[in-house]
Amino acid sequence: MELDAVLEAVEGRGGAEAVERVLARYNEENRAIFRFDPADEDERKKLCEGILNILEKDTKTSCQVACLEALRILSRDKKVLVPVTTKRNMQILMRLAKLDTVEDPLERLSEFPVIVEALKCLCNIIFNSAIAQKLSLELNLAAMLCNLLEKCKDQQSVDDIKCFDLRLLFLLSLLHTDIRSQLRQELQGVQVLTQALESSLSVRWTEEYKAAEDRDRPPLSLQETDCAIEALKALFNVTLDSWNVHSKNESHQFRYMAAILRHCLLTAGPTEDKTEELHSNAINLLSNVPVSCLDVLISPSSQEESDIKYNGMNMGAIQILLDFMEKRIDKGSSYREGLTPVLSLLTDCCRTHRNIRKFIKAQVLPPLRDVSSRPEVGTTVRNKLVRLMTHVDLGVKQIAAEFLFVLCKERVDSLLKYTGYGNAAGLLAARGLLAGGRGDHWYSDDEDTDTEEYKSAKPNINLITGHLEEPMPNPMDEMTEEQKEYEAMKLVNMFDKLSRDELIKPMGVRPDGTMAPLEEAVSQCHTNKQDSSDSD
């Protein structure tokens, strides 16, 4: 449909019914359009102004919906938003979204489509316009959105309204740091959003920090899942930099949140993809929860529960995290965005909570029996994680190595047993542990026990590759002394040439276990020996 005809109808050369009819056709034709012709930019700006002039007046609901749908489509283009992003126009949309009324309940079902479309328009405009983001703070939009969430709390059939309210809060907290601070400090955003998440998941409590687990409960609906995802994303932004809990009330709030997130991990969405998206956002948010509050993820297991147990604790949520981690490894792509959050979360849990560490180690690093293959070869979780220790992405290989190191209680000898020195060298060099020892964190003194199979094979295991190798013939056995000397000098000359060409740099290990140029490392060793003899 030609823009001129739409513009003519909107600018008043036809009645309200004509406007609604023309815009309904325009919306149908352009519903999937996200790229616009620059040549008609001015006409689209005029159309936005004409639509907002209609919305400012009292008109019937169906006409308002058609106008808002058209404005939502037009607001996908950043270039036409200049006339839209004024204080007056933002207030028009806020009024239609019922954001300017504090006391009025959401009772008229006929108004719901208008509210939803107005919220969608605000989402597009705020996402695409820096001016609108600044006006949002001036107009106190975040506070009004929190009030609308409160109205939705006990209302039926308002999932769409709640979903786009939460999406708008997510965008505001993502794009404007002042609004993020306002939500956290003034508007009790953590509490409001946590309650919205609890409502979306229909959590029922059996005791403090423990939700009822109904195995016969059907999966969440698509609307419930979308609401929960939007709440999780908004909460993630609001709880950034929440590593330290400074008060008893904050500790309660985060433990309460962690209990809801545990329930979220045990909940399924309408499809496998939606379940994965729900769990992914829950894991991202758990990364913001102070590690001291993560013990809520496990709870004492009652006799009637058939979930996975360890030491009398229900480990269902931890098993979900492990399964999620392995699924993301098997995807083989986007490791930094998709895998590192769950690996980082599991590492923190294992470092702080003994039962979680022991449960995960029993599955990831079970006692070694067959050491005939390299640690990185195979299909077990251990094999997959060891392969990641030499990944090209530095962040991925660091967190994978750190996770395994923590499972080994940060003991170098234990890590080398499961990974081999070659795979662990990067982590050990970074931690200054090439000479052996253990990390800085304290762990319980329970000892690992080796299997009889491992004990019998241990003397013949190659420490570099971490597996049992067949004895290889020594090529020097059949050489004369002159041939050995010749090959040795040849090797020395090759290293010398590479060193002079600065293709390699001879390195050594300092007494503290860190790497250094060979001359410096040797010098420090001599100095330490001399100091030791002087002190004697």
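The values are calculated or read from the model by the stated rules, or taken from the named source; none is laboratory data. This one's a predicted model, so the numbers in the text were calculated from it and none came from an experiment. All Cβ positions, glycine included, derive from the backbone under ideal geometry; neighbour counts span all protein chains shown. With ligands, DNA and RNA removed, areas are computed over all heavy atoms of the protein, side chains included. Shrake-Rupley method; radii C 1.70, N 1.55, O 1.52, S 1.80 Å.
Only one of the numbered conditions (1) of a type outside the set (Asp, Glu); (2) closer than 16 Å to Phe164 by Cα; (3) surrounded by fewer than 18 Cβ atoms within 10 Å (Cβ to Cβ) is violated by Arg204, and that is (2).
To keep it simple, each residue is scored yes or no on (1) of a type in the set (D, E, K, R); (2) over 21 Å from Leu135 (Cβ atoms).
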{"site": "Lys57", "(1), (2)": "yes, yes"}
{"site": "Lys60", "(1), (2)": "yes, yes"}
{"site": "Arg76", "(1), (2)": "yes, no"}
{"site": "Thr85", "(1), (2)": "no, no"}
{"site": "Asp100", "(1), (2)": "yes, no"}
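Yes/no matrix, rows are residues, columns are (1) closer than 30 Å to Asp413 by Cβ; (2) open to solvent by 70 Å² or more (accessible area, probe 1.4 Å); (3) assigned to a loop (DSSP other than H, G, I, E, B); (4) acidic (Asp, Glu):
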residue: Ile464; (1), (2), (3), (4): yes, yes, yes, no
residue: Pro471; (1), (2), (3), (4): yes, yes, yes, no
residue: Pro475; (1), (2), (3), (4): no, yes, yes, no
residue: Met479; (1), (2), (3), (4): no, no, yes, no
residue: Glu482; (1), (2), (3), (4): no, yes, no, yes
residue: Glu485; (1), (2), (3), (4): no, yes, no, yes
residue: Ala488; (1), (2), (3), (4): no, no, no, no
residue: Val492; (1), (2), (3), (4): no, yes, no, no
residue: Ser499; (1), (2), (3), (4): no, no, no, no
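A count restricted to segment 442-457 and to residues that are at pLDDT 75 or above and outside any helix (DSSP H, G or I) stands at 2. Here segment 345-395 is the region considered, the condition is being small (Gly, Ala, Ser) and within 22 Å of Lys455 (Cβ to Cβ), and the residue that is surrounded by the fewest Cβ atoms within 10 Å (Cβ to Cβ) is Ser372.
Checking Asp216, Asp178 one by one, the residue that is open to solvent by less than 90 Å² (accessible area, probe 1.4 Å), out of contact with any Ser or Thr (no Cβ under 8 Å at 6 or more places or on another chain) and among the acidic types (Asp, Glu) is Asp178 and no other. If you filter segment 18-42 down to residues that are more than 40 Å from the chain's Cα centre (by Cα) and either over 19 Å from Asn124 (Cβ atoms) or free of Cβ contacts under 8 Å to residues at least 24 places away in the same chain (or both), you find that the one that is surrounded by the most Cβ atoms within 10 Å (Cβ to Cβ) is Val19. Sort out which residues of segment 119-162 are touching a Cys at 6+ places or on another chain (Cβ under 8 Å) and open to solvent by less than 10 Å² (accessible area, probe 1.4 Å), and write them in order of number. Selection gives Val158, Ile161. Can you say whether Asn314 is of a type in the set (S, T, N, Q), more than 23 Å from Ser202 (Cβ to Cβ) and modelled with pLDDT under 95, as far as the supplied structure shows? The answer is no for Asn314. Scanning segment 234-257 turns up at least one residue that is in contact with a Leu (Cβ under 8 Å, 6 or more places away or on another chain), open to solvent by less than 10 Å² (accessible area, probe 1.4 Å) and under 25 Å from Ser301 (Cα atoms). With the requirement that a residue be touching a residue at least 24 places away in the same chain (Cβ under 8 Å) and among the small types (Gly, Ala, Ser), what does segment 360-387 give you? Across segment 360-387, the qualifying residues are Ala362, Ser372, Ser373. Total residues in segment 420-441 satisfying the condition of being closer than 20 Å to Thr347 by Cα and in a helix (DSSP H, G or I): the figure is 9.
Of all residues assigned to segment 57-69, at least one qualifies as being at pLDDT 95 or above, within 28 Å of Ser136 (Cα to Cα) and open to solvent by 40 Å² or more (accessible area, probe 1.4 Å).
Residue-wise test of (1) over 19 Å from Ile126 (Cα atoms); (2) of a type in the set (Val, Ile, Thr).
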residue: Asp165; (1), (2): no, no
residue: Ser173; (1), (2): no, no
residue: Ile179; (1), (2): no, yes
residue: Leu187; (1), (2): yes, no
residue: Ser202; (1), (2): yes, no
residue: Asp216; (1), (2): yes, no
residue: Ser221; (1), (2): yes, no
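If you go through segment 438-450 one residue at a time, do you hit one that is within 25 Å of Ser372 (Cβ to Cβ), of a type outside the set (Asp, Glu), surrounded by fewer than 18 Cβ atoms within 10 Å (Cβ to Cβ) and out of contact with any His (no Cβ under 8 Å at 6 or more places or on another chain)? Looking for residues that are within 25 Å of Ser372 (Cβ to Cβ), of a type outside the set (Asp, Glu), surrounded by fewer than 18 Cβ atoms within 10 Å (Cβ to Cβ) and out of contact with any His (no Cβ under 8 Å at 6 or more places or on another chain), one finds at least one in segment 438-450, hence yes. Candidates are the residues of segment 276-301 that are surrounded by fewer than 19 Cβ atoms within 10 Å (Cβ to Cβ), of a type outside the set (Gly, Ala, Ser) and modelled with pLDDT of 95 or more; the one that is nearest to Gln191 (Cα to Cα) is Asn284.
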